[in-house]
Amino acid sequence: MIKAGIIGATGYAGEQLAWFLYKHPDVSVEFYASHNYAGMTYNEIYNNFNGYIEDVCVNMETAISKLSSINVLFTAMPHGKTFKIAEKALSLGVKVIDLGADFRLKSKDEYEEWYKVKHESVDLLASAVYGLTELNRESIKGCNLLANPGCYPTATILGLTPLVKNNLIQPSSIIVDAKSGVSGAGRSASIASLFTECNESIKAYAVASHRHTPEIEQELSKASIGNDIKICFTPHLVPMNRGILSTCYGSLTKAVTAKELIALYREFYKDDCFVKILDGLPETRWVRGSNLCHIGIKVDARTNRVIVISAIDNLIKGAAGQAVQNMNIMFGIKETTGLDIISMAP
């Protein structure tokens, strides 16, 4: 039995993680830690856990004192908050899966430029593995510090990697238009995410400045042979609870049909149970509540552009589900364990 702890257990990603780990046949959660809700039972915070998870949430100090009793620590905190906790856990032989941003970027300078905080664990960056499971599975198997990808990057990188890896798209031509449900903004109170501010409206935000941009560029550049990928990335907020739809555009380097690209994508992801290549176009409702990524491809022969559309649940494949998928690989468990869930409709 894998003994796990969750720090940041009461945010939306933390709650989704608690849901998966509670149902996981090989995991026992030893503590749920929360900065804002310490002393409250978990089911008081999320009533859907009545009769299931009724543990009292502990504070950060108590969680740190319990690190020696666990095998894996999940951290789901704002950027800049994980450094010392990760160092402490790793020193005790505990594997760390960080759902935040502190270990995703390999460059300290780039992290500090985009996140506006000092990186306090630079020595850990070299050993941190970027946990986009389908692309880094072999590296994940032996890692102790895993940087779980962001939600926009997960959908976008999975959507574009087959193209950049096969030099089918001009590196300077990539435009990403992505849309997220409001849960992507987190659970903290904010005027921008109030119902009356979001309902019956759609808006772009963080235009030309979103912090997921360097993460996407870093991983696409790794996949592309000899190219430094730069993208134009514009995220949007849409009035739904959860989901990411990432629409990616680029100029093709040669004439190719959508049918040929669909075949290429299916071959590329043939061993990846959670990535489904569609004949049609994805919708967020068909992946909501699942760890699936749906991808559709179209070619505009008139403009010589390819359009790749990918859909995920931002809290699952974009956060907690992918974290559990990575944990399974790190501990030698079947990758789909606890995650083989089909989206519920309607």
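The fewest-to-most ranking of Arg302, Arg104, Arg285 by surrounding Cβ atoms within 10 Å reads Arg302, Arg285, Arg104.
Straight-line cross-link reach from Lys334 at under 12 Å between alpha-carbon atoms covers these aspartates and glutamates, not counting any fewer than eight positions away in the same chain: Asp26.
Of Ile231, Ile216, Ile295, the residue with the greatest mean-square motion in the GNM of the chain, using alpha carbon springs below 10 Å, is Ile231. Electrostatic bookkeeping for Cys248 treats Lys and Arg as +1 and Asp and Glu as -1; over the other residues with beta carbon under 12 Å from its beta carbon, the sum is +1.
For the chain, the 222 nm mean residue ellipticity estimated from helices alone, with every DSSP H stretch of n ≥ 4 adding -39500 (n - 2.57) and the total spread over all residues, rounds to -8000 deg cm²/dmol. Length gained on full extension, Lys88 to Lys141, computed as 0.36 nm times the residue gap minus the Cα-Cα distance: 16.9 nm. For Lys95, a cut-off of 12 angstrom between C-alpha atoms picks up these aspartates and glutamates, skipping any fewer than 8 places away in its own chain: Glu87. Distance from the alpha carbon centroid of the stretch 287-346 to that of the stretch 242-274 works out to 13 angstrom. Taking label points 7 Å from Cα along the Cα-to-Cβ direction, Leu281 and Asn36 give a separation of 3.6 nm. Available extension along the chain between Asp271 and Thr336 is 22.2 nm, counting 0.36 nm per residue and deducting the alpha carbon span.
By the rule of a C-alpha distance below 16 Å, with chain neighbours fewer than 8 residues away ignored, the aspartates and glutamates paired with Lys203 are Asp177.
Would the stretch 23-76 count as rounded, prolate or oblate if I go by the C-alpha gyration tensor, calling it rounded below 1.5 in a/c and otherwise prolate when a/b exceeds b/c, oblate otherwise? Oblate, because a/c is 1.5 or more while a/b does not exceed b/c.
Along the Cα-to-C-beta direction of Lys298, a point sits 7 Å from the Cα; which residues of the stretch 231-267 have their amide N less than 18 Å from that point? 245-252, 256-263, by backbone N distance to the label point.
Each residue in His294, His24 was given a count of other beta-carbon atoms within 10 angstrom of its own, and listing them fewest first yields His24, His294.
Were the residues from Ser188 through Glu260 laid out at 0.36 nm apart, the gain over their Cα-Cα distance would be 21.4 nm.
Taken together, the values in this text are just the output of simple stated rules run on the coordinates, not laboratory data. The model shown is predicted, which means the values in this text are computed figures rather than measured ones. As a convention, Cβ positions derive from the backbone with ideal geometry for all residues, glycine included, and neighbour counts pool all protein chains shown.
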